[in-house]
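Novice: Below is the structure I would like to discuss, written out as structure tokens.
The values are calculated or read from the model by the stated rules, or taken from the named source; none is laboratory data. None of the values given here were measured: they were computed from a predicted structure. As a convention, Cβ positions derive from the backbone with ideal geometry for all residues, glycine included, and neighbour counts pool all protein chains shown. Just so you know, the surface numbers come from the protein's heavy atoms only, side chains and all, with ligands and any DNA or RNA stripped out. Shrake-Rupley method; radii C 1.70, N 1.55, O 1.52, S 1.80 Å.
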Amino acid sequence: MVSGYHTLMDIFYRGAMWLAGLALLLMVAVIPIGIFARYVLNSALSWPEPIAIMCMVTFTFIGAAVSYRAGSHIVVAMVTDRLPPALQKFSALLSDLMMLAISVFIFWYSLQLCSELWQQPVAEFPLLTAGQTYLPLPVGSALTLLFIIEQIISGPQHKRPVVMLGNSEA
């Protein structure tokens, strides 16, 4: 059962990494278009900024889940590295439990945000609603929750082959 969970998390990890990467790529491509139109063509476009913001939100929340699983999130280990091994394990578990609480909080309130804004249209994109543009928040926090559960059950995953892919240490 744990092996199946790891396989599913590997699939989610790869998909989330691709989604975050594509969002970053699109954001980097769209911002210069807006700058060019505004300052060279002297005609500001209305769509580059909202697209860049949606991409940034997607990259941030989906990328945070990827970063958590890869063990590349921000961590200050100055104190915990000097603790005895038993206390290091306890502090890692405590950290995971606090991350679990934060992720549940973000998931719950972002779901409420999406549902409250689901019918509100976005002026620049009539096909999208404001609730749909905020979907990366609950999706990213749900992925983070799944990765936290995996880490609590099986320990850190940053040395798995799928996570090490492209790493110079692989």
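Novice: Inside the stretch 132-149, can you point out the residues that are under 24 Å from Pro121 (Cβ atoms) and of a type in the set (Ser, Thr, Tyr)?
Specialist: If the condition is that a residue be under 24 Å from Pro121 (Cβ atoms) and of a type in the set (Ser, Thr, Tyr), then Thr133, Tyr134 are the ones that fit.
Novice: Answer yes or no: is there a residue in the stretch 147-169 that is at negative phi and touching a Pro at 6+ places or on another chain (Cβ under 8 Å).
Specialist: So the first thing to find is which residues in the stretch 147-169 are at negative phi, and the list is 147-154, 156-165, 167-169.
With touching a Pro at 6+ places or on another chain (Cβ under 8 Å) added as a condition, the list becomes none.
The answer is no, given that none of the residues of the stretch 147-169 is at negative phi and touching a Pro at 6+ places or on another chain (Cβ under 8 Å).
Novice: If you take the residues of the stretch 107-153 that are in contact with a Ser or Thr (Cβ under 6 Å, 6 or more places away or on another chain) and under 24 Å from His6 (Cα atoms), which of them is most open to solvent (accessible area, probe 1.4 Å)?
Specialist: Phe107
Novice: Among the numbered conditions (1) in a helix (DSSP H, G or I); (2) touching a residue at least 40 places away in the same chain (Cβ under 8 Å); (3) over 20 Å from Gly15 (Cβ atoms), tell me where Gln112 comes up short.
Specialist: Gln112 satisfies all of (1) in a helix (DSSP H, G or I); (2) touching a residue at least 40 places away in the same chain (Cβ under 8 Å); (3) over 20 Å from Gly15 (Cβ atoms) except (2).
Novice: Further question: Kindly evaluate Leu83 against the criterion of being in contact with a helix residue (DSSP H, G or I) (Cβ under 8 Å, 6 or more places away or on another chain), surrounded by 15 or more Cβ atoms within 10 Å (Cβ to Cβ) and over 21 Å from Leu145 (Cβ atoms).
Specialist: Here the answer is no, as Leu83 does not meet what is asked.
Novice: Give all pairs with beta carbons closer than 6 Å in which a residue from the stretch 74-101 that is without any contact (Cβ under 8 Å) to a residue 40 or more places away in the chain and in a helix (DSSP H, G or I) meets a residue that is of a type in the set (Val, Ile, Thr) and loosely packed, with under 14 Cβ neighbours inside 10 Å; count only pairs at least 6 apart in sequence or on separate chains.
Specialist: That search, which allows pairs on different chains as well, returns nothing.
Novice: For the condition open to solvent by less than 60 Å² (accessible area, probe 1.4 Å) and either of a type outside the set (Ser, Thr, Tyr) or on the phi < 0 side of the Ramachandran plot (or both), what is the one hit in Met78, Met99, Met56?
Specialist: Met99
A quick yes/no check of all residues on (1) open to solvent by less than 60 Å² (accessible area, probe 1.4 Å); (2) part of a helix (DSSP H, G or I); (3) farther than 22 Å from Lys159 by Cβ:
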| site | (1), (2), (3) |
| --- | --- |
| His6 | yes, yes, no |
| Asp10 | yes, yes, no |
| Gly15 | yes, yes, no |
| Gly21 | yes, yes, no |
| Arg38 | no, yes, yes |
| Leu41 | no, no, yes |
| Gly63 | yes, yes, no |
